[in-house]
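What follows is a short report on a single structure.
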Amino acid sequence: MRRGSLFFTREELAVVVAVGVVSGLAGQQIENVVFAVVARIHSLVIFNDFLAYYSGGPLFGDLLEDYLEWGAVLAACIVRKPGAGTIALSINGLLQVFVYGTHDPHLLYGVAGLGADLVFGAFRYRRYDVATVALAGAACQMFWYTIVWFTHGIYLYAAQFILADLAMRVLGGAMADGLLAGGLAFVLLRLAGRGWTQPPSEPSADLGALRRADGAGLLAASFGVLLVMATAAFRPLSGLFARIGPPIPPNDPFLEEFNLGSVFGFELIFLSLALLLLWHLAYRERDEPPPEAAP
């Protein structure tokens, strides 16, 4: 099998990129269809208003979006190596911002993918049963919740909405981002002639490559820090990124108003450090001596 960059083979990296592109492009289209269908069903509109009235927020709308992180679990279940879900959703978010004009914080969509990667990594990328896949889907929602808490103004809502929304996201993430994405991965693996329990190929990187990745990752993170600082310090640079990013009306606490340069800098920092963390967790046993044989 050919060696590839980022500890993947070229084929595996192509799968990760393809999942990121497809989930990023298809997610917005599916969302538009779902909301259009719901708007035409009077009983669902009434149900939406009922939930909004008693919870104090768009509870039903959030539930209808709980599937949008499915690309993380799909990529992780197919490739089964550290960082697959994080990279796939980072590509997903990039397309959301620059193709569909979604708000800039969606460049940090890889945070949701990190949730799935950490769940599978906790089981050393060897356990893909129903419970683990569902937990990975729920983790996608919980990790993304840390972003939308600030960027979507969730903290401005009443406590009953926050608690209900959190429960909805956990359940919806486990079902849609987890089980449905895992089922799709199962079908795709069968079509490719791979069994669900077939172990992944060994990573195409040794400890020397991991050390070199440390340097490259820290360099990329440092560039992200410089980008954030330069965007904040130089108005012409900030203005350039503001013209590139999606237009957002000012002074609306329910819309994310962030400069694209700062968000892109934070994305570099996050992606670099997250991948280094996942790689080191996955390869931490390589430095350990083999266990002694039992007498």
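The values are calculated or read from the model by the stated rules, or taken from the named source; none is laboratory data. Since this is a predicted model, take the numbers as computed values, not measurements. Here the Cβ is made from the backbone with ideal geometry for all residues, glycine too, and neighbour counts use every protein chain on show.
Computed quantities for the displayed model
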item	result
Residues (within 16 Å of the chain's Cα centre (by Cα) and without any contact (Cβ under 8 Å) to a residue 40 or more places away in the chain) located in the range 149-177	Trp149, Val170
Residue satisfying all of: in the range 56-114; among the hydrophobic types (A, V, I, L, M, F, W, C) and in a loop (DSSP other than H, G, I, E, B); surrounded by the fewest Cβ atoms within 10 Å (Cβ to Cβ) among these	Leu64
Any chance Leu44 is touching a Ser or Thr at 6+ places or on another chain (Cβ under 7 Å), over 19 Å from Leu180 (Cβ atoms) and either among the β-branched types (Val, Ile, Thr) or in a helix (DSSP H, G or I) (or both)	no
Where Phe8 falls short, out of the listed (1) in contact (Cβ under 8 Å) with a residue 12 or more places away in the chain; (2) within 24 Å of Glu267 (Cβ to Cβ); (3) surrounded by fewer than 22 Cβ atoms within 10 Å (Cβ to Cβ); (4) among the aromatic types (Phe, Trp, Tyr)	(3)
Pairs where the first residue, in the range 24-40, is small (Gly, Ala, Ser) and the second is surrounded by fewer than 14 Cβ atoms within 10 Å (Cβ to Cβ) and assigned to a helix (DSSP H, G or I), C-beta under 7 Å, 6+ apart	Ala39/Val45
Some residue of the range 127-141 being touching a helix residue (DSSP H, G or I) at 6+ places or on another chain (Cβ under 8 Å) and not in a helix (DSSP H, G or I)	yes
Spans of helices (runs of 4 or more DSSP H) in the range 179-275 with at least 3 residues at pLDDT 90 or above, under 22 Å from the mean Cα position of the chain (by Cα) and surrounded by 14 or more Cβ atoms within 10 Å (Cβ to Cβ)	181-191, 207-233
Only listed residue being without any contact (Cβ under 8 Å) to a residue 24 or more places away in the chain and on the phi < 0 side of the Ramachandran plot, chosen from Pro105, Pro58	Pro58
Yes/no for Arg126 being within 25 Å of Phe270 (Cβ to Cβ) and either in contact with a strand residue (DSSP E or B) (Cβ under 7 Å, 6 or more places away or on another chain) or of a type in the set (Lys, Arg) (or both)	no
